[in-house]
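Bear in mind these aren't lab numbers, they're just calculated from the coordinates by the rules spelled out. Everything numeric here is computed off the predicted structure, so don't read it as measured data. Quick reminder, even Gly has a Cβ in these numbers, built from the backbone with ideal geometry, and neighbours come from all protein chains shown.
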Amino acid sequence: MLEKMGIAAKAASYKLALLSSREKNRVLETIADELEAQTESILSANVQDVEQARANGLSDAMLDRLALTPARLKAIADDVRQVCNLADPVGQVIDGGLLDSGLRLERRRVPLGVIGVIYEARPNVTVDVASLCLKTGNAAILRGGKETYRTNAATVAVIQKALEACGLPAAAVQSIDNPDRALVAEMLRMDKYIDMLIPRGGAGLHKLCREQSTIPVITGGIGVCHIYVDDTAEIAPALKIIVNAKTQRPSTCNTVETLLVHQDIAARFLPALSQQMAQSGVTLHGDEMALATLKAGPANVVAVKAEEYDDEFLSLDLNVKIVTSLDDAIAHIREHGTQHSDAILTRTLRNADRFVNEVDSSAVYVNASTRFYRWRPVWTGCGSGGKYAKTARAWSNGAGSTDYIQMGWLRRRHDPCVIENGRFHNSTLIFKAIKASPC
């Protein structure tokens, strides 16, 4: 079965590579329209998946991840339209020149070919991946989690209908709908047909792909995110940011999981934190230094376990650890973080600059909620892997000096910056090139 899919995907990729930007955007617009037109059928399939997952005992956080609503599906369709507005990278000349012999050389961006994506209970990823692959002239073979196989099948059927309406082969986007895990192992060995593999899921999936795949792998998407409360932070704005970062949608991978609090502000900050977290229904997992103060407040408090610093809770749970200094906070993030999204709350420019330069995460924030990395105001369009987390460091065809440069995002604010009801407040973006990394 998979070999037939691979053959068809490879053939489709050759046709996609020849499409103009206008043709690709027409396909994307048709997909967005069809998603909205077929809302009822997609949501019907999703309801079956959610009911089955609930019967199987999935957590509320996982149920929230896999559930679709009319509003969420509309947002997914809008994301596809946003991809239309992205610059088409295919054909861009990024280097070149005239040799002494008169020979002109050009280095251009070209499609990879066929991209395979393995992901868990996130039905939006199906559309995200398909739209980005089509925009970049690539075919896609998708293997979603067993929890959402009905939703994924319904969504891919809509995408394939749109492809055929635009005169393109349905095989440009295919989904492995059989939930048999053995097919994952088979997919990992399809290097004859799949040119790049992207796993989107937990650490176990990433480890499996790195160890068993014969295809180049780009990993990303695990979010153990931190907020460091500096000793100069203003308590009221800091609390507003933390509440947003923890409770706005706890099942997402850029939700804060560990709060690091400077010891000099802890006595004033922790009681106020307990009040806010009690109102939000958050359970605090305190370290030895924080436990007594936290237990004196109204929030539900338990002692943190060492392994929980490496956990992606995806729920209303928050680790709280007292640190002695900025150095201590950075060291903790380096040991337990996943290079996703980390923030500092401070009024000291020197500390902010140090945090930005020394925390090697995909998104680094100053006085802003970590939740921004999932939202359209920060990233135009949708994404896979790179949208949610730093991707693995991979070379292009022959690694030169420019291939050692990674692009990062810096969010800098001097007043609280949060997301409320899907809208962002007081946001300013600054782009920053992260230091060269020789991998």
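If R0 is 35 Å, what FRET efficiency do you get for Q52 and K305 from their C-beta distance, rounded to 0.05?
That pair, Q52 with K305, gives E of 0.65.
Could you go through the range 71-77 in sequence order and give the Karplus-derived ³J(HN,Hα) for each residue, using 6.51 cos²θ - 1.76 cosθ + 1.60 with θ = phi - 60°, rounded to whole Hz, and x for Gly and Pro?
Each residue's phi maps through the Karplus curve to give 5, 5, 5, 5, 5, 5, 4 Hz.
Identify the residues of the range 174-193 with backbone N under 15 Å of a label point that sits 7 angstrom from the Cα of A17 along the Cα-to-Cβ direction, or state none.
Answer for this model: 192-193.
With +1 on each Lys and Arg Cβ and -1 on each Asp and Glu Cβ, how big is the dipole of the range 225-372 about its Cα centre, in debye rounded to the nearest 20?
620 debye
Kindly write out, for the range 245-252 in residue order, the coupling ³J(HN,Hα) from the Karplus curve 6.51 cos²θ - 1.76 cosθ + 1.60 (θ = phi - 60°), rounded to whole Hz, with x marking Gly and Pro.
5, 8, 10, 4, 7, x, 7, 8
How big is the Kirkwood radius of the range 225-372, worked out from every pair of different alpha carbons and given in Å to one decimal?
With all distinct Cα pairs of the range 225-372 included, I get 14.7 Å.
Of the listed pairs K295/K321; K4/K192; K10/K135; K15/K135; K146/K192; K246/K321, which have alpha-carbon separations greater than 18 Å here?
K146/K192
Mind grabbing the base-10 log of I(q)/I(0) for the range 137-239 at q = 0.23, 0.24 Å⁻¹? Debye formula, identical points on the C-alpha positions, no solvent, two decimal places.
-1.33, -1.37
What residues qualify as long-range amide H neighbours of C225, i.e. H under 5 Å apart, gap of 5 or more or another chain, H built at 1.01 Å from N?
E257, T258
Full extension from Q275 to I94: what is 0.36 nm times the residue separation minus their Cα-Cα distance, to one decimal in nm?
My answer for the length gained is 59.8 nm.
Return the long-range amide H neighbours of T283 (sequence gap of 5 or more, or a different chain), with a cut-off of under 5 Å between placed amide H atoms.
Correct list: D317, L318.
Given Cα pairs under 8 Å that are at least 6 residues apart, what percent is the relative contact order of the range 225-372?
32 percent
Counting only residues 5 or more places away or on other chains, whose amide H sits under 5 Å from the amide H of R347 once H atoms are built in the peptide plane?
Here the answer is T232, A233, since their amide H atoms fall under 5 Å of that of R347.
Once fully extended, how much extra length lies between N85 and L105, figured as 0.36 nm per residue of separation less the alpha-carbon to alpha-carbon distance?
Between N85 and L105, full extension yields an extra 4.2 nm.
Take the alpha-carbon centre of the range 247-317, take the same for the range 1-30, and report the distance between them in whole Å.
After rounding, the separation between the Cα centres reads 47 Å.
Going by how many other Cβ atoms sit within 10 Å of their own, how do Y228, Y193, Y309 line up, fewest first?
With the fewest neighbours first, Y228, Y193, Y309 line up as Y309, Y193, Y228.
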